[in-house]
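This report concerns only the one structure given below.
The values are calculated or read from the model by the stated rules, or taken from the named source; none is laboratory data. In this text the structure is predicted, and so the values were computed from the model without any measurement. A quick note on method: Cβ atoms are made from the backbone with ideal geometry, for glycine too, and the neighbour counts reach across all protein chains shown.
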Amino acid sequence: MELDPILLARIQFAANITFHILFPTITIALGWVLLYFKLRFVATRDPKWMAAYMLWVKVFALSFALGVVSGITMSFQFGTNWPGFMETVGNIAGPLLAYEVLTAFFLEAVFIGIMLFGANRVPQWLHTLATFLVAFGTTMSAFWIMALNSWMQTPAGFEMRDGVAHATDWLAIVFNPSMPYRLGHMLLASGLTVAFLLAGISAWRWLRGDRGPDVRVALRTGLLIGALLAPTQAVVGDLHGLNTFEHQPAKIAAIEGVWQTERGAPLLLFALPDEEARENRLAIGIPNLASLILTHEWDGEIRGLDEFKGEHPPVAPVFWSFRVMVGVGLLMIAAAFWGLWATRRGRDPGRWLARGLVAMSFSGWVATVAGWYVAEIGRQPWLVHGVLRTADAAGDVPAALIGGSLAMYLALYVGLTIAYVLTVFRLAAKAGATASPAQPPSIEAPATGAPSHA
């Protein structure tokens, strides 16, 4: 069977982005959590906050390193597999990527050394400032990347000249119609990923008998963040869906499994989309609810996939990715509120809750990847919606060459992901081994005046 090089190139890029996004999803929010731990330590001088900081800053460093390496690998594919992308829209994509490097990555790179190694070597205010600047840098990085990705979904502020996009309004490019919703959705996804990573790893330490104050405060912090952000994400997700309904109706039709334009469309809880027959098999839905959510009318009209023949995404991956994302989100809401109730007034979480939280340690990854699949597969067959088709941007690379590198990428990424997860648990176990159940490890207070050299 002859393999399609364009499909292989798409799978390869998907594999790269799937692996890469795992780590910025952690660092974006974890930087702010670390700043919170540090500020609490400064305010209270309670060593439990610094003990929590010292563990989670190691997780941040590990995540940052893998994010940088995988990001570089991913960027090379623009030139190898997708040369048409930069040839057509490089006047817009290039500056946005450059802004990300100049305003965000350099900021992180300059101050991360102080953040990681300067707790006892620089004045306290400088270490706190470094933590803030790294956290701010990760958020700025997300801002520029989401500006570019959102522009690819809802392009604005440009004109085409001889088949090449030229910027006419940079404010319209950066703050394109979907950008606020996508940025908010991504930042909240990062917060939830970190919330359940904090809670899950802390619950695992608790189950091992590590009951120190730093474990309890990290567990409680994760649950509180989850309880605050999970319902907020549901609201932002709804607003994002309304924006997508306006600007990318084919994507919404795939999400909802609507084949023919209809009024009073049901919200499908389960179905097996059949693209050949152009129908849903074994469909279970709530009558009229999809129309009510998307149009705020009981019998509102949703355009069907038949209106976008040849210009709509593959239905099944988008349909199921969306339901995985929503399903994990509902689990997060339930787990966060159950956890807050169970641990109120310093109570222990209990074994069933702790085991559930451990199982959800990396649930944020599942929801984030599923959401990205909805966004990126849902944009097909366009690379830049309405401007550049994916097939038109592909390079002339033999299928065998792409397939060979894809196999190597997949093997490497699976191995690195397993190694990362095991290392996070090992760091947590090692942190527990240095503290007694009743007392966190002794942390020397950062210098308040001239630097000290340990």
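Residues in region 382-429 that are part of a loop (DSSP other than H, G, I, E, B) and more than 22 Å from the chain's Cα centre (by Cα): Gly386, Val387, Ala394, Gly395, Asp396, Val397, Pro398.
Scanning region 288-336 for residues that are farther than 19 Å from Leu267 by Cβ, among the acidic types (Asp, Glu) and outside any helix (DSSP H, G or I) yields one hit, Glu311. Quick check: anything in region 80-97 of a type outside the set (Ser, Thr, Tyr), without any contact (Cβ under 8 Å) to a residue 40 or more places away in the chain and closer than 20 Å to His20 by Cα? Among the residues of region 80-97, at least one is of a type outside the set (Ser, Thr, Tyr), without any contact (Cβ under 8 Å) to a residue 40 or more places away in the chain and closer than 20 Å to His20 by Cα, which makes the answer yes. For region 23-31, check the following and say yes or no: at least one residue is more than 22 Å from the chain's Cα centre (by Cα) and crowded, with 19+ Cβ neighbours inside 10 Å. No, region 23-31 contains no residue that is more than 22 Å from the chain's Cα centre (by Cα) and crowded, with 19+ Cβ neighbours inside 10 Å. Against the definition (in a helix (DSSP H, G or I), modelled with pLDDT of 90 or more and either over 21 Å from the mean Cα position of the chain (by Cα) or farther than 18 Å from Ala393 by Cβ (or both)), how does Trp151 come out, yes or no? When the stated conditions are applied, Trp151 does not pass them.
The condition of being surrounded by fewer than 19 Cβ atoms within 10 Å (Cβ to Cβ) and out of contact with any strand residue (DSSP E or B) (no Cβ under 9 Å at 6 or more places or on another chain) holds for only one of Ala283, Ala230, Ala277, Ala203, that being Ala277. Check Asp348 against each of (1) touching a residue at least 12 places away in the same chain (Cβ under 8 Å); (2) out of contact with any Gly (no Cβ under 8 Å at 6 or more places or on another chain); (3) part of a helix (DSSP H, G or I) and name the one condition it does not meet. Tallying (1) touching a residue at least 12 places away in the same chain (Cβ under 8 Å); (2) out of contact with any Gly (no Cβ under 8 Å at 6 or more places or on another chain); (3) part of a helix (DSSP H, G or I), Asp348 fails exactly one: (3).
Every listed requirement among (1) part of a helix (DSSP H, G or I); (2) surrounded by 19 or more Cβ atoms within 10 Å (Cβ to Cβ); (3) of a type in the set (D, E, K, R) is met by Arg379 save one, (1).
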